[in-house]
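Dropping the structure in here first, questions after.
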Amino acid sequence: MFIFGEALREYPTFVGGRVADLKYWIGFNLVPGIGPARLRALLEHFGDLESAWQAEARELREAGLDRRSLESLISTRKEISLEEEEAKVAQVGAKAITWEDENYPPRLRHIHNPPPLLYVKGEILPRDEWAVAVVGTRNPSHYGKQVVDQIAGDLARNGITVISGLARGIDSLAHRAALEAGGRTIAVLGSGIDIIYPAEHTKLAQAIVEEGALVTEYPLGTPPEGGNFPPRNRIISGLGLGSVIVEAGERSGALITADYTLEQGRELFAVPGNIVARKSRGTNRLIQEGGAKLILSVEDIMEELNLTMIEEHREVQEILPENETESTILGLISQEPVHVDEIGRQSGLPIAQVTSTLALMELKGLVRQVGGMNYVLAREAKVRYVVD
């Protein structure tokens, strides 16, 4: 069972980047052959992407770029204007967020090779940390349509954000059910943020932007090619606490999402189907082999993910500083990482009191540890001083 708030496995985080650096992240995202692993190596070698972008070929080879990646980078640097590429993102009504941004989805940060850059239309909110992916076949049966409407709708009514891929079939039905229930939903695209696929889902995409977000790792103008969809499925599963496979055949792309869900250590659920129906063979096999938990209603998901008290969890995150010690410590923390020893020095408080108070403040959602006992604000927090 997934226990709410359990620590995700450690993964390198990058916090405190300058806004001026964004164009370099966009630039590297346009370079074929430079993915998360190589970008991380460049960051570790050069310290920032501006230096990496401007580096000479010899330095880039020393940083670990192979011949093909090096040639791609040099060619891309000659062909594009970083300022123009950055402006294009704003022109299509989107924004780009990176590993370094505090509003980068925290659960996604902890998957293997998280996308260094996300293009977003709409808003990803703190409440979207409580999210579940709902995916399945592009050609659902009447039974599948009934089930996805019930599951996705009930998740939304319980305050859970529904994540899917905007594809025909189960995906689009999940988005629609969440919206009709008055909830939030996030669609992960296998194309650029400026290209909606399939085209008949353009109005649905617009509705999602109003009550959630469109998300993609692919640069503007990227067509919806077949090879884009398997990698995007790791984002669908990576954004949520778990994934629900509603209806899927033995070769369904939804099973790729299922594999990523298990690889990421998230919970996998499957809806049982007709044993003689091809569209249920994949989901039934997941249940039979023990990879997925059989569900009969949304209550099964809520209980397994410990989400039956979600409103209480959210209330805890909204708590303001309760005493002078918390207010003092909060006043010393910003979006820039600060070490616990520095907090102790500036506050004049005993280090044991500082660490215990920080632990409680992290539980409340006021601060966040970013590694090495360094802390940043988890969100905009109003400091309330206690007067005796």
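Quick check on this structure: which one of PHE28, PHE46 is touching a residue at least 60 places away in the same chain (Cβ under 8 Å) and either at positive phi or among the aromatic types (Phe, Trp, Tyr) (or both)? So that I can check it myself, show each step before the final result.
Details: PHE46 fails: touching a residue at least 60 places away in the same chain (Cβ under 8 Å).
Among PHE28, PHE46, only PHE28 is touching a residue at least 60 places away in the same chain (Cβ under 8 Å) and either at positive phi or among the aromatic types (Phe, Trp, Tyr) (or both).
For the stretch 99-218, please list each of the helices (runs of 4 or more DSSP H) lying entirely inside it that holds at least 1 residues being farther than 30 Å from ASN29 by Cβ and of a type outside the set (A, V, I, L, M).
Values: elements: 106-109, 142-157, 170-180, 202-210.
Helices (runs of 4 or more DSSP H) meeting the threshold: 142-157, 170-180.
Under 6 Å between Cβ atoms, at least 6 apart or on separate chains: pull out the pairs that start in the stretch 192-212 with a residue that is closer than 14 Å to GLY122 by Cα and end on any residue that is aromatic (Phe, Trp, Tyr).
Pairs that qualify, where the first residue is closer than 14 Å to GLY122 by Cα and the partner is aromatic (Phe, Trp, Tyr), are ILE193/TYR119.
Ok, one more. Which is exposed (fewer than 13 other Cβ atoms within 10 Å of the Cβ), in contact with a helix residue (DSSP H, G or I) (Cβ under 9 Å, 6 or more places away or on another chain) and over 24 Å from ASP128 (Cα atoms), of GLY348, GLY344, GLY331? Before the answer, list the steps.
Working: GLY344 fails: exposed (fewer than 13 other Cβ atoms within 10 Å of the Cβ); GLY331 fails: exposed (fewer than 13 other Cβ atoms within 10 Å of the Cβ).
Testing whether each residue is exposed (fewer than 13 other Cβ atoms within 10 Å of the Cβ), in contact with a helix residue (DSSP H, G or I) (Cβ under 9 Å, 6 or more places away or on another chain) and over 24 Å from ASP128 (Cα atoms) leaves just GLY348.
Suppose we filter the stretch 146-201 for residues that are of a type in the set (S, T, N, Q) and in contact with an Asp or Glu (Cβ under 6 Å, 6 or more places away or on another chain); how many remain?
Taking the stretch 146-201 as the starting set, the residues that turn out to be of a type in the set (S, T, N, Q) are 146, 150, 158, 161, 164, 172, 185, 191.
Remaining after also requiring in contact with an Asp or Glu (Cβ under 6 Å, 6 or more places away or on another chain): 161, 164.
The qualifying residues number 2.
Moving on. Show the residue pairs that are 6+ apart or on different chains and have beta-carbon atoms under 9 Å apart, the first residue being within the stretch 141-165 and closer than 10 Å to ARG176 by Cβ, the second being surrounded by fewer than 19 Cβ atoms within 10 Å (Cβ to Cβ) and not small (Gly, Ala, Ser).
Listed pairs, sorted by first residue: ASP149/GLU180; GLY153/GLU180.
Just checking, how many residues over the stretch 48-82 are assigned to a helix (DSSP H, G or I) and among the aliphatic types (A, V, I, L, M)? Reasoning before the result, please.
Residues of the stretch 48-82 assigned to a helix (DSSP H, G or I): 49-54, 57-62, 67-79, 82.
Imposing the further condition that a residue be among the aliphatic types (A, V, I, L, M) reduces the set to 49, 52, 57, 60, 70, 73-74, 82.
Final tally of qualifying residues: 8.
Now, a different point. Return yes when PHE269 is of a type in the set (Phe, Trp, Tyr), closer than 30 Å to GLU123 by Cα and surrounded by 24 or more Cβ atoms within 10 Å (Cβ to Cβ) and no when it is not. First the steps, then the outcome.
Working: of a type in the set (Phe, Trp, Tyr): yes; closer than 30 Å to GLU123 by Cα: yes; surrounded by 24 or more Cβ atoms within 10 Å (Cβ to Cβ): yes.
Spelling it out, PHE269 is indeed of a type in the set (Phe, Trp, Tyr), closer than 30 Å to GLU123 by Cα and surrounded by 24 or more Cβ atoms within 10 Å (Cβ to Cβ).
Of all residues in the stretch 31-47, which are surrounded by fewer than 20 Cβ atoms within 10 Å (Cβ to Cβ) and part of a loop (DSSP other than H, G, I, E, B)?
PRO32, GLY33, GLY35, GLY47, listed by residue number.
Say whether the condition of being within 20 Å of the chain's Cα centre (by Cα), buried (at least 21 other Cβ atoms within 10 Å of the Cβ), assigned by TED's automatic domain parsing to the domain that holds ALA292 and within 16 Å of ARG232 (Cβ to Cβ) is met by at least one residue in the stretch 146-163.
yes
The values are calculated or read from the model by the stated rules, or taken from the named source; none is laboratory data. Here the structure is a predicted model, which is why all the values come from computation and not from measurement. Virtual Cβ from ideal backbone geometry, glycine too; neighbours counted across all protein chains shown.
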